[in-house]
Amino acid sequence: MPAEGLNRYRDEPIPVRMLNEYSFCPRLAYMEMVEGEFIDNEHTIEGTRRHDKLDKKKGRIPHQIPEDKEIKPKSITLSSEKLNIISKIDILEISKGKASPVEIKKGKGPDEGAWPADIVQITAQMRILKDNGYDCKEGFIYYSASNKRISIELTEERDDELVRLIEEFRKCIDEKRIPPPLRNSRKCEGCSLAPICLPDEINLISDDESNVVRCMYPKRDDAHPLILQDQGSYLSKKDDVLVVKKRGEKIGEVRTFEVSHVCLFGNSQISTQALSELLNRNIPVLYFSYGGWFKGYTHSMINKNVDLRIKQFEHASDRKKRFLISKELVRGKIKNCRTMLRRNGNGDIKAALEELKRSLSKLERVKDIHSLLGIEGNAGRVYFGSFNKMIKNGYSKVFNFERRNRRPPADPVNACLSLAYTVLSKDLTVSALTVGFDPMLGFYHRPRYGRPALALDIMEEFRPIIADSVVISALNNDVFSKEDFITSNGSCNLVPDGRKKFFGAYERRVSKPVKHPLFGYQVSYRRIFEIQMRLMSRYLTGEIESYIPFTTR
């Protein structure tokens, strides 16, 4: 196709590195270019470090190119108006009036020649130089790991392939059509976007032909929440370290990269410098009342994936679509409630299990959201009616649980459950922000001022197996004593030492690796929170036919 055919695109120029990625994996390029997704891994960090060195030596091209002198300016940015592409050239070698771009790669390259995607990139750079009036017929790719310098000629065939690739990528961008994931490809194993792309997972759900799902990311995140609940504590920054002080005396410190998010309870405070550093690193800060009520959060610039939020609002505005999502959320919750009773119930729980089973059967016939609310409400009544039977004999008499109540919780068990649901909703709010959702707009929970409705939606399936499980396990293992609770004016709450015990139990639960029932690999529950948010995003964008809740056996 002639280059003039590309002039109808009025968008900003395509970076040439995106053409490299599109040739390597169209889905990867789309996710970075259109959805604004990016995650660093060891390969991207090393590549960035090498190019930063070149950028520090940034040069410029003289207005008149000398015929009898060789020059090698570095980090030169040029664009082509004809192809509407732009590139930063690592090294531009100019000799005897001829110009040749040099692209530096950290890897060792193939045994012979260069990788196809790298050839596309150097071809685009040669074409840019040519469109800017330079005599350019040859470029070079330098693979530093093998110390090989590969010569690439600008041929008519390569030029035509470049134009075709640009046209194809532009069409993909204009249609807002994400390319399908690669199937069983080794390329995915080193890709930093594998946790976002979920290639094997999407292929498995879409057609069930792939029976092996690779876990291409760490089982759990090395970063953990930093929780400040001591009243009067103050969080400040010194270099790359977050320092916690109280009354001017240091009581703890942690390196910034080890923190996933910061939780401030009551009258705990943070300095502007620390907050700025956290925002620079996309680490959210979340605020709670002294009693544990989730009040809000501070987050850096929201995820660039605007199209996902448009889909979220479209589905939330469509009654039928909203109902279909809500039904799956309730299905996951009831299944996991039944699993918790079956695993932990003491005494006669057969009637409760049968009633929950009937509730699942009724879901197949339910037609509207009001009937769905009725089924969920009845299932909750049955489940909490047997909740005390999951607390071991003797201990259930110390912390007697008669019914679920909140605002305020009237007894120690309800106080623990309320705090568990608050912390869980906080974690799912962070996951929603990470993926690019608006956490305040849900499908089952309707919008209400200050309520993270989407986090509460996804929380439904995790309430029993995370929040309830943490409380039951802590009670049955004698983690709490009566001194860990305080009751005043009919309200029961955990004291600071009791909350510390709770947070320890909660973190052990969400950090524990568990086998994913659908994908077969082991990851932590906190990682699963994000996977479920990703699956919701893939459903909203039409990649999978339905949202699949996380359920355990």
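Readers should treat all values here as calculations from the given coordinates under stated rules, not as data from a laboratory. Because the structure is predicted, anything quoted here is derived from the model rather than measured. Neighbour counts are summed over all protein chains in view; Cβ atoms, including those assigned to glycine, are modelled from backbone coordinates with ideal geometry.
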task = Run the quick spin-label model on Arg508 and Ser271: label points 7 Å from Cα toward the beta carbon, then report their separation in nm to one decimal.
result = 3.5
Lys, Arg +1 and Asp, Glu -1 on Cβ, resulting dipole of region 346-473 about Cα centre, debye, nearest 20 = 340
inquiry  = Run the Debye formula on the Cα coordinates of region 446-523, all scatterers equal and no solvent, and tell me log10 I(q)/I(0) at q = 0.13 1/Å.
reply    = -0.58
key: Charge-dipole axis of region 368-480 as Lys and Arg at +1 and Asp and Glu at -1 on Cβ define it, positive-most pick from Ile458, Pro408, Met440   = Pro408
inquiry  = I'd like to compare 265-278, 404-417, 120-133: which one has the highest average count of other Cβ atoms within 10 Å, and what's the full order after that?
reply    = 120-133, 404-417, 265-278
inquiry  = As I understand it, the dipole of region 306-540 uses +1 on the Cβ of Lys and Arg and -1 on the Cβ of Asp and Glu, about the Cα centre. Which of Cys337, Ala420, Thr487 lies farthest toward its positive end?
reply    = Cys337
query = Using alpha carbons only, what's the Rg to Rh ratio of region 224-298 with Rh from Kirkwood?
reply = 0.93
ask   = Among the lysines, which have Cα under 17 Å from the Cα of Lys350 when same-chain residues fewer than 8 positions away are ignored?
value = Lys335, Lys389
inquiry  = I want the local charge near Lys311. Using Cβ-Cβ distances under 14 Å, sum +1 for each Lys or Arg and -1 for each Asp or Glu among the other residues.
reply    = +1
task = Any lysines with Cα under 18 Å of the Lys367 Cα? List them, leaving off those in the same chain fewer than 8 positions away.
result = Lys320, Lys321, Lys327
query = For region 201-251, what is the convex hull volume of its Cα atoms per residue in Å³?
reply = 134
message = How long are the semi-axes of the equivalent ellipsoid of the chain, taking √(5λ) for every eigenvalue λ of the Cα gyration tensor, in whole Å from largest down?
response = 53, 28, 19
ask   = Where the only charges are on Cβ atoms (+1 Lys, Arg; -1 Asp, Glu), what is the dipole of the chain about its Cα centre, to the nearest 20 debye?
value = 2420
ask   = Which residue, chosen from Ile202, Ile152, Leu373, occupies the Cα position most advanced towards the positive end of the dipole of the chain, where the dipole is computed from +1 (Lys, Arg) and -1 (Asp, Glu) charges on Cβ about the Cα centre?
value = Leu373
query = By average Cβ neighbour count within 10 Å, what is the ranking of 366-373, 530-537 from highest down?
reply = 530-537, 366-373
